[in-house]
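To start, the structure under review is shown below, and the notes come after it.
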Amino acid sequence: MMAIASFQGKIFMVSSTKVYTLDGLEWSGSLNTESQEKLKSKPSTYIKGQALNTMSFDIPLRADMKTDVRKQIEAWEAIRDKQSPGFFVLGTKPLGKNKWLLKSVATSDTVIDNKGTIISAKINLSFEEYVRAGSAQAAKAASNSSGSSRTSISSSGGAKLNVVPTTYIDKPTAKRTNINVAQARLNASEARIYSMGG
């Protein structure tokens, strides 16, 4: 019997001895863009690149279809907690160009008998495309970079205000003037003039 789909050793199929299927398979992709304001005109669009694709589907679980419902729920939770991406194969071909990371396992529509056994349930699985591993250092650097353009100061009431430097507002490329250095140079010039006059 050919498999309907498979992921991380879990095989979806229908046979004379077992029914294990998926419902509502959905996947989507998008572009990362940024709107940049333009005076007296519609914003410009900056295309950063492709965003990570997403995928989701439901798995109906029923004990009368020779499925241990609770065991299946725990098995999918274990795959999620392992944090290991894998290819999702639909029919005989992988879906998408890259691996998928299982990010969420949500259980609903549970039916429990008088012995505490889960006899039916539905689990929803949510995936995100996995291209390569990132790093904590890169995430921290990006966070610091996004917050570096604003300076936080405290007012007399204790509230913090985010103030954008005026040199950035007037001209982003302008160099900041060090007032102390300018004053020191002026004082030195005056001292030389006085010494020459004396």
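The values are calculated or read from the model by the stated rules, or taken from the named source; none is laboratory data. Note that the coordinates shown come from a computational prediction; the quantities given were computed from them, not determined experimentally. Because the Cβ atoms are built from the backbone with ideal geometry, glycine has one as well, and the counts that use them run over all protein chains shown.
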- Item | Unmet requirement for residue 52, which otherwise passes all of (1) outside any loop (DSSP other than H, G, I, E, B); (2) under 25 Å from the mean Cα position of the chain (by Cα); (3) not acidic (Asp, Glu) | (1)
- Unmet criterion (only one of (1) assigned to a strand (DSSP E or B); (2) free of Cβ contacts under 8 Å to residues at least 12 places away in the same chain; (3) under 18 Å from residue 126 (Cα atoms)) for residue 59: (2)
- What tally of residues in the range 61-101 results from selecting those that are more than 15 Å from residue 22 (Cα to Cα) and aliphatic (A, V, I, L, M)? 5
- Task: Those residues that are surrounded by 11 or more Cβ atoms within 10 Å (Cβ to Cβ) and either farther than 12 Å from residue 129 by Cβ or of a type in the set (A, V, I, L, M) (or both), I need them from the range 72-85; list them, please.
- Result: 72, 73, 74, 75, 76, 77, 78, 79, 80, 82, 84
- Item | Candidate set from the range 90-147 (those that are part of a strand (DSSP E or B) and among the acidic types (Asp, Glu)); member that is surrounded by the most Cβ atoms within 10 Å (Cβ to Cβ) | 129
- Sort out which residues of the range 27-49 are surrounded by 10 or more Cβ atoms within 10 Å (Cβ to Cβ) and either assigned to a strand (DSSP E or B) or outside the structural domain of residue 124 (by TED's automatic domain parsing) (or both), and write them in order of number. 27, 31, 32, 33, 34, 35, 43, 44, 45, 46
- Message: It is to be established whether one or more residues within the range 63-85 are at negative phi, in a strand (DSSP E or B) and modelled with pLDDT of 95 or more.
- Response: no
- Task: Tally the residues that are closer than 22 Å to residue 7 by Cβ and of a type in the set (A, V, I, L, M), restricting the search to the range 27-66.
- Result: 6
- Message: Looking at the range 5-20 only, could you name the residues that are surrounded by 12 or more Cβ atoms within 10 Å (Cβ to Cβ), at pLDDT below 95 and in a loop (DSSP other than H, G, I, E, B)?
- Response: 18
